[in-house]
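The structure under discussion appears below in the form of structure tokens.
Since every read-out is calculated from the coordinates, none of them should be taken as a lab result. Just so we're clear, the structure is a prediction, and the values are computed from it rather than from any experiment. Glycine also receives a Cβ, built like all others from the backbone with ideal geometry; neighbour counts cover every protein chain displayed.
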Amino acid sequence: MVPVDSVERVGLRHVIENDDIDAVEKVLEERPDNYNKAITWNRRFNMYLEKMKSGNVFEVADVIRTLQVQENEKKLSTGERRLLGTARQILISEVMLVKNAEQQDIENWLNKFF
């Protein structure tokens, strides 16, 4: 347990609201140009890791979208593939809480974007 007085300091946040799911879906639907292709995989990995560490669900959705689109175009490195799996699990867990749904239902929801 985390003492309530320490919530801000340790970076805990509330689960997103049901209304935020639409914004998450917009992030997942977007297909911006991928300027990260020219960057080496390990630098991209660190960029994605920083986004995930931010705790921002929209940043996590951005990582998923970018890596999933890249995976569909060409193979990801092993590290990026693991990072994609971790990012997917983070988003799936949060959306499960928001929608009060089963994991498989949320995985199916996420997969429809790719």
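Being charged (D, E, K, R), part of a helix (DSSP H, G or I) and in contact (Cβ under 8 Å) with a residue 40 or more places away in the chain is a description that applies to ARG65.
The residue pairs whose first member lies in region 26-38 and is in contact (Cβ under 8 Å) with a residue 12 or more places away in the chain, whose second member is surrounded by fewer than 11 Cβ atoms within 10 Å (Cβ to Cβ) and small (Gly, Ala, Ser), and whose beta carbons are closer than 9 Å, counting only pairs six or more residues apart or on different chains, do not exist in this structure. Scanning region 23-47 for residues that are outside any loop (DSSP other than H, G, I, E, B), of a type in the set (A, V, I, L, M) and out of contact with any Asp or Glu (no Cβ under 8 Å at 6 or more places or on another chain), we see that the one that is farthest from GLU59 (Cα to Cα) is ALA38.
Here GLU102, GLU59, GLU73 are screened, and the one residue that is among the acidic types (Asp, Glu) and either surrounded by 14 or more Cβ atoms within 10 Å (Cβ to Cβ) or touching an Asp or Glu at 6+ places or on another chain (Cβ under 6 Å) (or both) is GLU59.
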